[in-house]
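Quick notes on the structure that follows.
The values are calculated or read from the model by the stated rules, or taken from the named source; none is laboratory data. Values in this document were obtained by computation on a predicted structure and should not be read as measured data. Note that we place each Cβ from the backbone using ideal geometry, even for glycine, and neighbour counts take in every protein chain shown. The area values use the complete protein model at the heavy-atom level, side chains included, leaving out ligands, DNA and RNA. Shrake-Rupley method; radii C 1.70, N 1.55, O 1.52, S 1.80 Å.
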Amino acid sequence: MELKTERLTLRPVQMGDEEAIHEYAGDSEITMMFWLPNETFEETKNFVKKASEEWKSENPKNYEFVIVHEGVIIGGCGIEYNDDRTHCILGWVLNKKYRRQGFASEAASALLDFGFSNLGIEKIYAQCDSNNAASFGVMKKIGMKCVNDKGTRTYPRTGKTSGEFTCCMLKSEWEDLRK
């Protein structure tokens, strides 16, 4: 399974991706994500193992992709069902060397298409820290609408609480955008 865009290939996370993933997932400057940064290479290896095994399961709940540009892994993105499989949540992270070039929007848009076209889901959400203007900008750029700007999130690693934005897109809205 590969998703192609104008400049990117999104392919499933696989064993052997650990070093490239750790370059961005281990970045100590990532402060506005629930489960990152990975403090050790071992954490990244465990993530890659779990993500690659999930792809092999009969009915995956979580689809983790690496974002490849010109043969180089520049980030990761994923789409995950909620517990009762009524909607999905998408997310992304880029190596800081590749930010502010439209790659996150391009990858996130491909994930929306994958969720609506391949998974048959009717509603997709994305969330970000209220201080993460870049991620909120991606959500708006791909056509998602803010449905809650009063949420909060508490980071498990630090215990810090911050504001949270939740955006959403319905399949019918996606179809209208594509016309």
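Please work out which one of (1) open to solvent by less than 80 Å² (accessible area, probe 1.4 Å); (2) within 23 Å of GLY75 (Cβ to Cβ) is the condition LYS123 fails and give its number.
Failed condition: (2).
Any residue in the range 60-80 that's under 14 Å from GLY102 (Cα atoms): show its pairings with residues that are polar (S, T, N, Q) and not in a strand (DSSP E or B) at Cβ separation under 8 Å, as long as the two are six or more apart or on different chains.
Note: pairs meeting the criteria are ILE74/ASN95; GLY75/ASN95.
Select from the range 137-149 the residues that are more than 10 Å from CYS168 (Cβ to Cβ), in contact with a Phe, Trp or Tyr (Cβ under 9 Å, 6 or more places away or on another chain) and not β-branched (Val, Ile, Thr) and list them in ascending order.
Once the filter is applied, which keeps residues that are more than 10 Å from CYS168 (Cβ to Cβ), in contact with a Phe, Trp or Tyr (Cβ under 9 Å, 6 or more places away or on another chain) and not β-branched (Val, Ile, Thr), the range 137-149 yields GLY143, ASP149.
Out of (1) open to solvent by 50 Å² or more (accessible area, probe 1.4 Å); (2) within 26 Å of VAL66 (Cβ to Cβ), the odd one out for THR152 is which?
Condition (2) is where THR152 drops out.
Looking only at the range 118-150, how many residues end up being within 19 Å of ASN82 (Cα to Cα), of a type in the set (A, V, I, L, M, F, W, C) and part of a loop (DSSP other than H, G, I, E, B)?
3
So, GLY102, is that one at pLDDT 95 or above and surrounded by fewer than 17 Cβ atoms within 10 Å (Cβ to Cβ) or not?
Values: at pLDDT 95 or above: yes; surrounded by fewer than 17 Cβ atoms within 10 Å (Cβ to Cβ): yes.
Yes: the conditions hold for GLY102.
Quick check on ALA104: is it closer than 22 Å to VAL13 by Cβ, in a helix (DSSP H, G or I), touching a residue at least 60 places away in the same chain (Cβ under 8 Å) and within 13 Å of the chain's Cα centre (by Cα)? Write out each step before concluding.
Numbers: closer than 22 Å to VAL13 by Cβ: yes; in a helix (DSSP H, G or I): yes; touching a residue at least 60 places away in the same chain (Cβ under 8 Å): no; within 13 Å of the chain's Cα centre (by Cα): yes.
Judged against the criteria, ALA104 is not a match.
Would you check if ASP176 is part of a strand (DSSP E or B), among the acidic types (Asp, Glu) and exposed (fewer than 15 other Cβ atoms within 10 Å of the Cβ)?
Working: part of a strand (DSSP E or B): no; among the acidic types (Asp, Glu): yes; exposed (fewer than 15 other Cβ atoms within 10 Å of the Cβ): yes.
In short, no.
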